[in-house]
Amino acid sequence: MGQDLPTQETEFNQLITELANSGSFSTIKNMYEAWQELMSRFRCAIMEIETKFRVLNEQFSLLHERNPIENIKTRIKSPESIRKKMAKKGLTPTSLDCIEENIKDIAGIRVICSFIDDIYMLADCLTSQDDITLLECKDYIKNPKENGYRSLHLIVEVPIFLQNEKRNMKVEVQLRTIAMEFWANLEHRLRYKKDLPEDVLRATSDGLYQCAEISAQLDEHMQQIRNAVEQ
Ligand code: 0O2
């Protein structure tokens with residue numbers, strides 16, 4: 001996202017070359033098949049987590065006559081983005097195990113909620129399920145990033161059951177409100193991961209920060225109104 005094509009192509013070629021040179025694969029076909037298998041396992045893990053959220057949403061709508069989830073988006077990280085992140089961490093992708101171990105957000109699911117309280121309620125419901133292991137939690141709602149970015153990020157491990165084996169897979173779960181999603185989408189399009197000149201960065205960061213604060217206030221007001229209605 002936000003990269004030009006030649007950069008993506010270079011990252012992709014580098015990833016292929018590094019994996020091919022690692023000596024972990026007998027042929028390119030073998031490497032390609034192993035890659036497809038790994039990505040398929042991540043897709044299965046996304047399905048597992050997505051189903052868990054859909055079940056919670058269903059049950060909540062039955063009990064409380066409202067849906068805490070507005071929308072769910074999923075994505076598998078692109079090979080280019082995986083290569084870039086490995087390089088940023090100073091790592092060379094020498095095997096698929098090494099990639100799987102170090103890149104925790106290959107499988108990503110974003111849950112867009114109606115209210116801030118729903119975010120924490122859903123995160124608690126998910127992480128208290130007995131097949132889920134919480135590996136990391138970054139609360140950018142209580143501690144927003146310097147640029148104003150807000151979301152709750154969890155890295156969880158979920159088992160997937162294949163024909164002859166059980167595998168634990170890592171999934172990054174991002175939970176945010178509609179207002180947080182609105183801000184993050186526009187900021188992503190405008191600036192995130194873009195090598196903008198210093199003066200443009202300076203000129204735009206205050207404005208974006210103000211927008212993040214305004215949308216956070218909106219979330220708080222909406223939460224207060226809901227609390228009042230429910231009382
Ligand atoms: P993409 O294209 O969404 O996949 P770590 O994993 O701990 O080594 P990382 O990845 O920076 O470090 O973790 P963090 O802070 O949890 O951020 C992960 C993801 O959150 C990003 O994924 C973005 O999707 C989102 N994110 C984080 N900061 C910002 C921000 O300032 N603006 C916007 N719009 N999104 C943000 P990727 O892998 O960077 O990108």
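The values are calculated or read from the model by the stated rules, or taken from the named source; none is laboratory data. Not measured: the values here are computed from a predicted model. Neighbour counts are summed over all protein chains in view; Cβ atoms, including those assigned to glycine, are modelled from backbone coordinates with ideal geometry.
Worth pointing out:
- For H188, the criteria (1) without any contact (Cβ under 8 Å) to a residue 60 or more places away in the chain; (2) of a type outside the set (S, T, Y); (3) surrounded by fewer than 16 Cβ atoms within 10 Å (Cβ to Cβ); (4) closer than 24 Å to F115 by Cα hold in every case but one, which is (1).
- Just one of the listed residues (L122, L134, L154, L91) is without any contact (Cβ under 8 Å) to a residue 60 or more places away in the chain, within 16 Å of the chain's Cα centre (by Cα) and either within 13 Å of the ligand (Cβ to nearest atom) or assigned to a helix (DSSP H, G or I) (or both), and it is L154.
- Total residues in the stretch 177-225, condition within 10 Å of the ligand (Cβ to nearest atom), part of a loop (DSSP other than H, G, I, E, B) and either more than 17 Å from P144 (Cβ to Cβ) or polar (S, T, N, Q) (or both): 1
- Filter result for S78 (among the polar types (S, T, N, Q), within 15 Å of the ligand (Cβ to nearest atom) and either farther than 16 Å from E157 by Cβ or crowded, with 20+ Cβ neighbours inside 10 Å (or both)): yes
- Candidates E65, E37, E33: the one that is on the phi > 0 side of the Ramachandran plot and surrounded by fewer than 16 Cβ atoms within 10 Å (Cβ to Cβ) is E65.
- Hey, T204 surrounded by 13 or more Cβ atoms within 10 Å (Cβ to Cβ), of a type in the set (S, T, Y) and modelled with pLDDT of 90 or more or not: no
- The sole residue among A20, A34, A45 that is over 28 Å from T127 (Cα atoms) and at pLDDT 80 or above is A34.
- For Q59, the criteria (1) of a type outside the set (F, W, Y); (2) assigned to a helix (DSSP H, G or I); (3) closer than 25 Å to R150 by Cα hold in every case but one, which is (3).
- Some residue of the stretch 102-113 being over 30 Å from E18 (Cβ atoms) and within 14 Å of the ligand (Cβ to nearest atom): yes
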